[in-house]
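Heads up: the structure comes next, in structure tokens.
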Amino acid sequence: MKKYLSNAKFTSSGSRELEPAWMMRSPNGWLPNPETNATNFNEIFSTIDISIPRTWDWNKEGVVTDVKNQDKCGSCWAFAVVGVIEGAYARKTNQLRAFSEQYLIDCAWVHGDVLGCFGGQTNKAFEWIKSMQFLPESQEYQYESTNGWCGQRSSSFVHISIKRYGKVEARVEVLKTALYHKGPLLVEFQLPSEINENKGKTVLKDSTVKPSEAGHSMVLVGYGSCGHLGGEDCFLIKNSWGDKWGVDGYFYVEENTLVELLSQDDASATYLELE
């Protein structure tokens with residue numbers, strides 16, 4: 001079930017509570033990129049549009065696929081990359097397709113710093129897809145949660161042509177503007193311990209992280225009021241730990257907390273455009 005900002009309610013994870021993320025996944029899969037805060041982007045998005053809606057959720061626009069589960073493979077980078085490509089593709093073609101993370105895990109090793117279940121740099125994955133210009137759908141190239149041999153290209157693979165991707169400045173109104181005009185954004189930052197302690201079931205308000213805490217790549221899909229949770233203005237993030245975690249696989253971050261998290265060294269928000 002999709003989770004919306006306007007009517008979301010916190011629900012139980014079910015009969016079996018999930019273990020803390022740090023027990024289940026080591027690493028989460030994000031490899032910090034020393035160029036993230038430097039020159040590794042086509043452009044920096046810093047626009048503010050005061051006319052955008054007060055609340056926005058890409059789930060309601062039909063461009064977000066169901067929550068997926070990376071399991072114990074450190075492949076969050078692949079899920080985040082695929083997530084924003086799915087959103088961009090749906091916005092471009094009016095077709096929502098679930099693309100294959102496993103294909104990136106198996107095949108993108110040839111482009112340095114992309115290491116399958118051992119982690120990957122999202123910008124290098126974008127560059128690999130930009131050069132290859134295709135992806136299979138997940139039903140054709142299914143997720144195995146492990147490193148595998150690269151499968152042969154099929155004529156049924158979907159053409160993907162990346163026009164550009166760029167860094168989004170870490171300011172509340174800029175993030176909202178980019179999200180509304182560019183579609184779902186890739187976000188990556190170190191996860192505060194609060195996420196593991198509450199399993200994503202309350203609004204994240206604490207940006208305090210320890211140097212040892214793992215980085216994680218996810219997909220930012222919405223913003224708006226979290227009045228049903230206590231009156232905060234929040235961002236809505238799609239995770240890749242299955243729909244039993246958090247709020248049907250999503251979690252909420254107080255808007256200024258997200259800015260603080262994205263202001264960390266190596267952290268970033270990234271938009272993507274297709275041709």
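The values are calculated or read from the model by the stated rules, or taken from the named source; none is laboratory data. Since the model is a prediction, treat every value here as computed from it, not as a measurement. So basically every Cβ, Gly included, is an ideal-geometry build from the backbone, and we count neighbours across all protein chains shown.
Residue 169 satisfies every condition listed in (1) under 20 Å from residue 232 (Cβ atoms); (2) touching a residue at least 24 places away in the same chain (Cβ under 8 Å); (3) more than 15 Å from the chain's Cα centre (by Cα) except (1). Within segment 88-103, being under 10 Å from residue 141 (Cα atoms) and either part of a helix (DSSP H, G or I) or not polar (S, T, N, Q) (or both) holds for 99, 101, 102, 103.
Output the residue which, of all residues in segment 95-110 that are touching a strand residue (DSSP E or B) at 6+ places or on another chain (Cβ under 9 Å) and surrounded by 20 or more Cβ atoms within 10 Å (Cβ to Cβ), is farthest from residue 82 (Cα to Cα). This residue is 108. Restricting segment 160-186 to residues that are out of contact with any Lys or Arg (no Cβ under 6 Å at 6 or more places or on another chain) and in a loop (DSSP other than H, G, I, E, B), the residue that is surrounded by the most Cβ atoms within 10 Å (Cβ to Cβ) is 184.
Residues being in a loop (DSSP other than H, G, I, E, B), buried (at least 18 other Cβ atoms within 10 Å of the Cβ) and either modelled with pLDDT of 95 or more or among the charged types (D, E, K, R) (or both): count how many of those fall in segment 121-159. Looking only at that region, the number is 5.
Of the residues 90, 80, which single one is crowded, with 21+ Cβ neighbours inside 10 Å and modelled with pLDDT of 55 or more? On inspection, the qualifying residue turns out to be 80.
Buried (at least 22 other Cβ atoms within 10 Å of the Cβ) and either in contact (Cβ under 8 Å) with a residue 12 or more places away in the chain or within 19 Å of residue 122 (Cα to Cα) (or both), is that true of residue 258? Criteria met by residue 258. Taking segment 65-81 as the range and being under 15 Å from residue 138 (Cα atoms) and in a loop (DSSP other than H, G, I, E, B) as the test, the residues that pass are 65, 66, 67, 68, 70, 75.
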